[in-house]
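Right, one structure below, let's go through it.
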Amino acid sequence: MKLTSGRTYQVDFYMRLDDRGWRIVDVLVEGVSYVRSYRGDFGLEIRASSLDALNKRLEDFASSKLSAAR
C-alpha cells in the first residue's frame, strides 16, 4: 500500500471461502495482525463482562457512527 506521502507499507489479507463467498479473516500491516491485536484487547473486556456485552457495545458503536455519517 502506498500512502499519499509516498511511504509504502506491506499489507497482507488472509481470506477464507465459505458458503457466503470470500471473506477477509485477518489483515496484517507490516507483519502486525489485526486479529491478534484485537484478541488481546477484546479478551480483557469479554472476561470482565461477556461476549454478548462486547457484541452489544460494538453494534451500538457502529450504529452511532452510521447515524453521525448521514
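Readers should treat all values here as calculations from the given coordinates under stated rules, not as data from a laboratory. Computed from a predicted structure; not experimentally measured. A quick note on method: Cβ atoms are made from the backbone with ideal geometry, for glycine too, and the neighbour counts reach across all protein chains shown.
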Potential lengthening between R36 and S50 on full extension [0.36 nm per residue; Cα-Cα distance subtracted]: 3.2 nm
Once the dipole of the chain is set up with Lys and Arg at +1 and Asp and Glu at -1 on Cβ about the Cα centre, which of V32, F42, L17 lies farthest towards its positive end? V32
Where does the chain land at 222 nm, in deg cm²/dmol rounded to the nearest 500, when only DSSP H runs of n ≥ 4 count, each adding -39500 (n - 2.57), divided by all residues? -16500 deg cm²/dmol
How large is the dipole of the chain about the Cα centre if only Lys and Arg carry +1 and Asp and Glu carry -1, each at its Cβ, rounded to the nearest 20 debye? 200 debye
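Using only the Cα atoms of region 5-59, what semi-axes does the equivalent ellipsoid have when each is the square root of 5 times a gyration tensor eigenvalue? Give whole Å, largest first.
26, 18, 10
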Taking region 1-68 and dividing mean pair separation by its residue count, relative contact order in percent (alpha carbons under 8 Å, at least six apart): 17 percent
What are the ³J(HN,Hα) couplings of region 10-25, residue after residue, when phi is run through the Karplus curve with 6.51, -1.76, 1.60 and θ = phi - 60°? Round to Hz, x for glycine and proline. 8, 10, 10, 10, 9, 10, 9, 8, 10, 5, 9, x, 6, 9, 7, 10
Quick one: Karplus J couplings for region 62-70, per residue in order, coefficients 6.51, -1.76, 1.60, θ = phi - 60°, nearest Hz, x for Gly and Pro? 4, 4, 5, 5, 5, 5, 5, 7, 7
